[in-house]
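Participant: Quick one: structure below, then a few questions.
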Amino acid sequence: MKKALLYIISCLCFFNEALAQLTAHAGANITICINNSVTLGAAPSATGGTPPYKFQWLPTTYLNSSIVPNPIAIGVTSDITYTLTVTDYDTTIVSSTKSINIDKIYTFGAGIDTGYCYGQMTGVFIGASNNNNAFHTYSWSPSSGLDNSSSVRPFASPSVTTVYTLTVSDGLCPNNVSMVTVTAFRPPYVSAGADTTIDEGNTITLIGTGGTTYWWQPEYNIKYISTAQPDAWPTTNTTYTLYSVDQHGCYASDDITVTVRGGELLFFYSAFTPNNDGDNDVFYIGNVEKYPDNNLKIYNRYGKMVFNATNYSNTWNGTYLGNELPTGTYFYIFNDGKEKQYKGNVTIMR
């Protein structure tokens, strides 16, 4: 009687177990450090249904086995979600998922080396653009020159070049330590050259140094104002200011005074480039306006006159009867209308 009772109880237990719903247990989602390993599945990884069970894990990436209840994901380097599929003896199929997230501490950092113009800019932000403190703690050292030494991206304004060390921690993975250099740039040394004196009607090339971009003021009788070496021909004493900016955005300026010595000396330019670019397009004679009764004759190398003008006012653009003259050297005779005659040559360059 006793044996019969035990048999009935055993049958009832087996029947109840068979009636339980088949369930897969892939395990709870987890965050781990990069390159770490983790065991998948629960204990047990399947319940209910009718044993024995068959297990299948997908994808198989990082797994030492894809058909055991508790495989190991080895050296995980990226976020991944595994799906566990369980099939029991009655071919009932169920599934469960488990996500492995990589702690992003390794992606945070101090950022790239940078700098600012001390005394001209307020400073710069440092730290990688993706830094966040949702689950992490930030500590910058030294704290000098920083608005907040525990910020993900503090504002740095050191007075001298400083190397900042960032330590990111979260209590899960090893601390992430990185460094960034903030350079306190100084304004460039800019020189417009020494003050000088020219004769009225003459042209001088100013020589500027320092910086990488240039701008000269005032825009009075000056060409190439955005270069280091503009041409200037002031007719009165003029102070030119050179403004320059270097590759870091730092700026400085310097002045040069050009004193103009009055006179009526004529200055004959030896070449011109008549290409209609607004620069050196005509045969130029400095102070020619002071000789309104002048006469200019131009000859080619064969002695043929190709230009003749009274009261010449810097207008000859290298043409003859409306046609462009070829590149070459031409000869001029200039009578100032008073008492002197000048001879020389001028080159047309095309």
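Participant: Would you mind stating whether Thr310 is of a type outside the set (Asp, Glu), more than 24 Å from Glu200 (Cα to Cα), exposed (fewer than 13 other Cβ atoms within 10 Å of the Cβ) and touching a strand residue (DSSP E or B) at 6+ places or on another chain (Cβ under 7 Å)? Steps first, answer last, please.
Facilitator: On the way: of a type outside the set (Asp, Glu): yes; more than 24 Å from Glu200 (Cα to Cα): no; exposed (fewer than 13 other Cβ atoms within 10 Å of the Cβ): yes; touching a strand residue (DSSP E or B) at 6+ places or on another chain (Cβ under 7 Å): yes.
For Thr310, the condition - of a type outside the set (Asp, Glu), more than 24 Å from Glu200 (Cα to Cα), exposed (fewer than 13 other Cβ atoms within 10 Å of the Cβ) and touching a strand residue (DSSP E or B) at 6+ places or on another chain (Cβ under 7 Å) - is not met.
Participant: Determine whether Pro154 is in contact with an Asp or Glu (Cβ under 9 Å, 6 or more places away or on another chain), surrounded by 14 or more Cβ atoms within 10 Å (Cβ to Cβ) and more than 30 Å from Ile105 (Cα to Cα). Walk me through it before giving the result.
Facilitator: Details: in contact with an Asp or Glu (Cβ under 9 Å, 6 or more places away or on another chain): yes; surrounded by 14 or more Cβ atoms within 10 Å (Cβ to Cβ): yes; more than 30 Å from Ile105 (Cα to Cα): no.
Spelling it out, it is not the case that Pro154 is in contact with an Asp or Glu (Cβ under 9 Å, 6 or more places away or on another chain), surrounded by 14 or more Cβ atoms within 10 Å (Cβ to Cβ) and more than 30 Å from Ile105 (Cα to Cα).
Participant: Kindly indicate whether Thr61 is surrounded by fewer than 16 Cβ atoms within 10 Å (Cβ to Cβ), in contact (Cβ under 8 Å) with a residue 24 or more places away in the chain and closer than 14 Å to Ile102 by Cβ.
Facilitator: Details: surrounded by fewer than 16 Cβ atoms within 10 Å (Cβ to Cβ): yes; in contact (Cβ under 8 Å) with a residue 24 or more places away in the chain: no; closer than 14 Å to Ile102 by Cβ: yes.
No, not satisfied.
Participant: Please tell me if Ile74 is among the hydrophobic types (A, V, I, L, M, F, W, C), farther than 30 Å from Leu146 by Cα and in contact with an Asp or Glu (Cβ under 7 Å, 6 or more places away or on another chain). Can you show your working first?
Facilitator: Numbers: among the hydrophobic types (A, V, I, L, M, F, W, C): yes; farther than 30 Å from Leu146 by Cα: yes; in contact with an Asp or Glu (Cβ under 7 Å, 6 or more places away or on another chain): no.
No: the conditions fail for Ile74.
Participant: Among the candidates Val260, Val282, single out the residue that is out of contact with any helix residue (DSSP H, G or I) (no Cβ under 7 Å at 6 or more places or on another chain) and assigned to a strand (DSSP E or B). Break it down stepwise before answering.
Facilitator: Details: Val282 fails: assigned to a strand (DSSP E or B).
Being out of contact with any helix residue (DSSP H, G or I) (no Cβ under 7 Å at 6 or more places or on another chain) and assigned to a strand (DSSP E or B) holds for just one of Val260, Val282, which is Val260.
Participant: Please return the ranges of strands (runs of 3 or more DSSP E) entirely within region 168-223 where 1 or more residues are farther than 30 Å from Gly127 by Cα.
Facilitator: On the way: elements: 176-185, 196-199, 213-217.
Hits in region 168-223: 196-199, 213-217.
Participant: Can I ask one more? Please give the number of the condition Tyr312 fails out of (1) touching a Leu at 6+ places or on another chain (Cβ under 8 Å); (2) in a strand (DSSP E or B); (3) more than 25 Å from Tyr224 (Cα to Cα).
Facilitator: Tyr312 satisfies all of (1) touching a Leu at 6+ places or on another chain (Cβ under 8 Å); (2) in a strand (DSSP E or B); (3) more than 25 Å from Tyr224 (Cα to Cα) except (2).
Participant: Only one residue in Ser66, Ser149 is in a loop (DSSP other than H, G, I, E, B), of a type outside the set (Asp, Glu) and farther than 30 Å from Asn176 by Cα, so which one is that?
Facilitator: Answer to the selection: Ser66.
Participant: Sticking with this structure for a sec: Under the condition of being closer than 23 Å to Trp216 by Cβ and of a type in the set (D, E, K, R), which residue from region 274-290 is surrounded by the most Cβ atoms within 10 Å (Cβ to Cβ)?
Facilitator: Asp281
Participant: Scan region 186-203 residue by residue and report those that are among the hydroxyl-bearing types (Ser, Thr, Tyr) and under 29 Å from the mean Cα position of the chain (by Cα).
Facilitator: So in region 186-203, the residues among the hydroxyl-bearing types (Ser, Thr, Tyr) come out as 189, 191, 196-197, 203.
Residues satisfying the conditions are Tyr189, Ser191.
Participant: Go through region 307-350 and give me each residue that's charged (D, E, K, R) and farther than 25 Å from Glu264 by Cβ. I'd like the intermediate steps shown before the answer.
Facilitator: Step one: list which residues in region 307-350 are charged (D, E, K, R), which gives 324, 336, 338-340, 343, 350.
If the condition is that a residue be charged (D, E, K, R) and farther than 25 Å from Glu264 by Cβ, then Glu324, Arg350 are the ones that fit.
Participant: Out of Asp293, Asp246, Asp231, Asp255, which single residue is charged (D, E, K, R), crowded, with 17+ Cβ neighbours inside 10 Å and either in contact with a Ser or Thr (Cβ under 9 Å, 6 or more places away or on another chain) or not assigned by TED's automatic domain parsing to the domain that holds Trp316 (or both)? Explain how you work it out, then say what you get.
Facilitator: Numbers: Asp293 fails: crowded, with 17+ Cβ neighbours inside 10 Å; Asp231 fails: crowded, with 17+ Cβ neighbours inside 10 Å; Asp255 fails: crowded, with 17+ Cβ neighbours inside 10 Å.
Being charged (D, E, K, R), crowded, with 17+ Cβ neighbours inside 10 Å and either in contact with a Ser or Thr (Cβ under 9 Å, 6 or more places away or on another chain) or not assigned by TED's automatic domain parsing to the domain that holds Trp316 (or both) holds for just one of Asp293, Asp246, Asp231, Asp255, which is Asp246.
Participant: Now for a separate question. For Ala271, all conditions in the list (1) assigned by TED's automatic domain parsing to the domain that holds Ile298; (2) of a type in the set (Gly, Ala, Ser); (3) crowded, with 16+ Cβ neighbours inside 10 Å hold save one; what is the number of the exception?
Facilitator: (3)
Participant: Among what's in region 162-176 and is free of Cβ contacts under 8 Å to residues at least 24 places away in the same chain and β-branched (Val, Ile, Thr), pick the residue that is farthest from Ala134 (Cα to Cα).
Facilitator: Restricting to residues being free of Cβ contacts under 8 Å to residues at least 24 places away in the same chain and β-branched (Val, Ile, Thr), the top hit is Thr162.
Participant: Out of the residues in region 69-92 that are touching a residue at least 24 places away in the same chain (Cβ under 8 Å) and not in a loop (DSSP other than H, G, I, E, B), which is farthest from Pro154 (Cα to Cα)? Walk me through how you get there before you give the answer.
Facilitator: Taking region 69-92 and keeping what is touching a residue at least 24 places away in the same chain (Cβ under 8 Å), we get 69-78, 82-90, 92.
Now restrict to residues that are not in a loop (DSSP other than H, G, I, E, B): 72-73, 82-87.
Working: Ile72: 41, Ala73: 38, Tyr82: 39, Thr83: 42, Leu84: 45, Thr85: 48, Val86: 51, Thr87: 55 Å.
Filtering region 69-92 for residues that are touching a residue at least 24 places away in the same chain (Cβ under 8 Å) and not in a loop (DSSP other than H, G, I, E, B), the one farthest from Pro154 (Cα to Cα) comes out as Thr87.
Participant: When the residues of region 260-309 are narrowed to those that are touching a Gly at 6+ places or on another chain (Cβ under 6 Å) and among the hydrophobic types (A, V, I, L, M, F, W, C), which ends up farthest from Thr327 (Cα to Cα)?
Facilitator: Taking region 260-309 first, the residues touching a Gly at 6+ places or on another chain (Cβ under 6 Å) are 267-268, 274, 286-287, 291, 293-294.
Within this subset, residues satisfying the condition of being among the hydrophobic types (A, V, I, L, M, F, W, C) are 267-268.
Details: Phe267: 22, Phe268: 18 Å.
Selected residue: Phe267.
The values are calculated or read from the model by the stated rules, or taken from the named source; none is laboratory data. Owing to the predicted nature of the structure, the values given are computational and were not obtained by experimental measurement. Counting neighbours? That spans all protein chains shown, and the Cβs are built from the backbone with ideal geometry, glycine included.
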